[in-house]
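The structure appears right after this line, and notes come after that.
The values are calculated or read from the model by the stated rules, or taken from the named source; none is laboratory data. Keep in mind it's a predicted model, so treat the numbers as computed, not measured. Note that each Cβ is placed from the backbone with ideal geometry, even for glycine, and that neighbours are counted across all protein chains shown. Heads up: the accessible areas ignore ligands, DNA and RNA and are worked out on the full protein's heavy atoms, side chains in. Shrake-Rupley method; radii C 1.70, N 1.55, O 1.52, S 1.80 Å.
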Amino acid sequence: MTESTAHSFDVLVLGGGSGGYAAALRASQLGLSVGMVEEAKVGGTCLHWGCIPTKALLHAAEVADHARHGEAIGVNTEFHSIDMPKVNAYKQGVIDRLYKGLQGLVKSRNVTVIDGHGTLVGPDAIEVRGERYTGKNVILASGSYARSLPGLEIGGRIMTSDQALALEWVPRSAIVLGGGVIGVEFASVWKSFGADVTVIEALPHLVPNEDESLSKGLERAFRKRGIDFKLGTRFQGVTQDDSGVTVTLEDGSTIQADVLLVAVGRGPRTAGLGFEEQGVRVDRGFVLTDEKLHTGIANIYAVGDIVPGLQLAHRGFQQGIFVAEQIAGLNPTPIVESNIPRVTYCEPEVASVGLTEAQAKEQYGEDTVKSLEYNLGGNGKSQILGTAGFIKLVRVVDGPVVGVHMLGSRVGEQIGEAQLIVSWEAHPEDVAPLIHAHPTQNESLGEAHLALAGKPLHAHD
């Protein structure tokens, strides 16, 4: 390590979101001098416009549902209405507290935050507001933006998650274009808030990247909740006026609502940042790297949503940590993409880690894969919570569990143990003797492994 100047660092990070700030904090912890360029707010999409605000809305939605259903368990609550300005104030309060803590953390680690829009101008240089900053190592972490479809203009009653998060009113009806994570989370919130919701998904299932059993289970649950959805149907166009939007589908049918949420995924934020001019390989906007997240150019690395793969905050965190450790010479183990836990926080929740049954059969062969579903109907805590769903395990015959897939209220909280089981290549027989506290939903994970090990207790053979 050499002495840094105000404009030169051991590590220079472009972007202060989940991947960027994790890299900056870890590099600093390892004794490297760090500069971090950020044009908006440290914390990025996740903290300010993504994970945290949407989960705050989902918690408000859960409280609304509890108020609606309290009477069924002898608690005389009633649901009156949603006060969106107050919900937004609560949401902003959560963001502000986390943001303040993060700013303090960054400052305490002596990370130099460089405010402004950064452009890569050399293999070791980023220009911000006409000033040139250099780093012996450069980490690209410029994040993502809410995508739209070609010709689909965002504005007025046609919005992405960015505008939907700032709404000061609850739509009476909403059309959600896209049945992936963002789409089903907003559909869930708006339904709980009292809106009529229709989801349009071009692929055959909701949450199409999940195991088909989870997709079908979520569809059943949404149907029961009164959330409408049209699958295998392509969007053709939309018009809007003062009273609402009219969406036309390719089959010629039309749907009307107050608003249209465009939730067709997030695109990599790489345009106009100088990456390609410096020789960084970019494919459809995504930065291509090797398994060590190196771009193949000088000492330039890339992390987070701009790297092809799952666009998840915790993937960005881990990649940021990995690259900082790589730069510091610790030779960390490369991240296995399939072992990154995935949670969709709609009601009911969807949580998974590892391979789907279809992926496992493709990888290991049709006859060497076995799966099992344990229904939450046999789980005491799930009965208390009034949630339906299941735990699905996918294993290699006489081998490890390679996938855990869960559906039900709060099952996202069980993903930690599920991740350990898959990442450490545990066999069902290894998990079966572990004691899971009663009554918890966590027990259902234990019960599923007991059943798969041939010793079902609260499940039928």
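Among 110, 322, 202, which residue has its Cα positioned farthest towards the positive end of the charge dipole of the chain, with +1 placed on the Cβ of Lys and Arg, -1 on the Cβ of Asp and Glu, and the dipole taken about the Cα centre?
Working it through, the farthest residue towards the positive pole turns out to be 110.
Taking the Cβ of residue 38 as the center, what net charge do the other residues with Cβ under 13 Å away carry, scoring Lys and Arg +1 and Asp and Glu -1?
Charge balance near residue 38 sits at +1.
Roughly what % of DSSP beta bridges within the chain run antiparallel, to the nearest 5?
Antiparallel: roughly 60 percent of the beta bridges in the chain.
Could you work out the relative contact order of the chain? I mean the mean sequence separation of Cα pairs under 8 Å and 6+ apart, divided by the number of residues, in percent.
Relative contact order comes out at 14 percent.
Please list, by residue number, everything in region 247-274 whose backbone N is under 20 Å from a paramagnetic label point 7 Å out along Cα→Cβ of residue 228.
Under cut-off, by backbone N: 247-263.
Set the Förster distance to 35 Å, then compute FRET efficiency between residue 67 and residue 216 from the Cβ-Cβ distance, nearest 0.05.
0.75
Evaluate the charge dipole of the chain about its Cα centre and quote only its size in Debye, nearest 20, assuming +1 on the Cβ of each Lys and Arg and -1 on the Cβ of each Asp and Glu.
Value, rounded to 20: 720 debye.
Bin width 5 Å, origin at 0, all Cα-Cα pairs of region 20-137: what percent of pairs per bin?
Result returned by the calculation: 2, 10, 15, 15, 14, 11, 8, 7, 6, 5, 4, 3, 1, 0.
Cross-link candidates for residue 361: which lysines have Cα within less than 21 Å, leaving aside residues fewer than 8 places away along the same chain?
216, 370, 392
Would you kindly find the accessible area of residue 90, with a 1.4 Å probe and non-protein molecules such as ligands, DNA and RNA excluded, rounding to the nearest 10 Å²?
The accessible area comes out at roughly 90 Å².
Between (i) 30.3; (ii) 24.3; (iii) 27.9, which entry matches mean projected area of the Cα convex hull in nm² as derived from the coordinates of this structure?
Entry (ii).
For region 31-134, give the magnitude of the charge dipole about the Cα centre (Cβ charges: +1 Lys/Arg, -1 Asp/Glu; no others), in debye to the nearest 20.
280 debye
Counting only DSSP beta bridges with both residues in region 86-224, what percent are antiparallel, rounded to the nearest 5?
Around 65 percent of the beta bridges assigned by DSSP in region 86-224 are antiparallel ones.
Could you tell me the distance between the Cα centroids of region 309-352 and region 394-455, to the nearest Å?
20 Å
Could you tell me which helices of the chain pass both thresholds, a Cα extent of 18 Å or more along their own axis and a mean Kyte-Doolittle hydropathy of at least -0.5, with helices taken as whole DSSP H runs?
Counting only whole DSSP H runs, the qualifying helices are 51-69, 84-108, 313-327.
So how much slack lies between residue 420 and residue 250, counting 0.36 nm per residue of separation and subtracting their Cα-Cα distance, in nm?
Using 0.36 nm per residue and subtracting the Cα-Cα distance, I get 56.8 nm.
Counting only C-alpha contacts under 8 Å and six or more residues apart, can you give the relative contact order of region 316-461 as a whole percent?
Contact order relative to length: 22 percent.
Points 7 angstrom from Cα along the Cβ direction at residue 103 and residue 115: gap in nanometres?
1.0 nm
What are the semi-axes of the equivalent ellipsoid of region 70-134, taken as the square roots of 5 times the eigenvalues of the Cα gyration tensor, listed largest first and rounded to whole Å?
47, 15, 11
Keeping the other protein chains in place, figure out the carbon and sulfur percent of the accessible area of region 188-311, with a 1.4 Å probe.
Carbon and sulfur atoms account for 43 percent of the accessible area of region 188-311.
Enter the Cα centre distance for the pair region 364-390 and region 130-159, rounded to the nearest angstrom.
About 40 Å separates the Cα centre of region 364-390 from the one of region 130-159.
Any idea what the dipole of region 229-311 comes to, in debye rounded to 20, about its Cα centre with Lys/Arg Cβ at +1 and Asp/Glu Cβ at -1?
Dipole magnitude for region 229-311 comes out near 240 debye.
Skip the ligands, DNA and RNA, and give the accessible area per residue of region 233-333 with a 1.4 Å probe, whole Å².
Result: 47 Å² per residue.
Can you give me the distance in nm between label points at residue 203 and residue 362, each placed 7 Å from the Cα along the Cα-to-Cβ direction?
1.1 nm
Put +1 on the Cβ of each Lys and Arg and -1 on the Cβ of each Asp and Glu in region 330-376; which of 351, 363, 336 then has its Cα farthest toward the positive end of the dipole?
Highest projection toward the positive end goes to 336.
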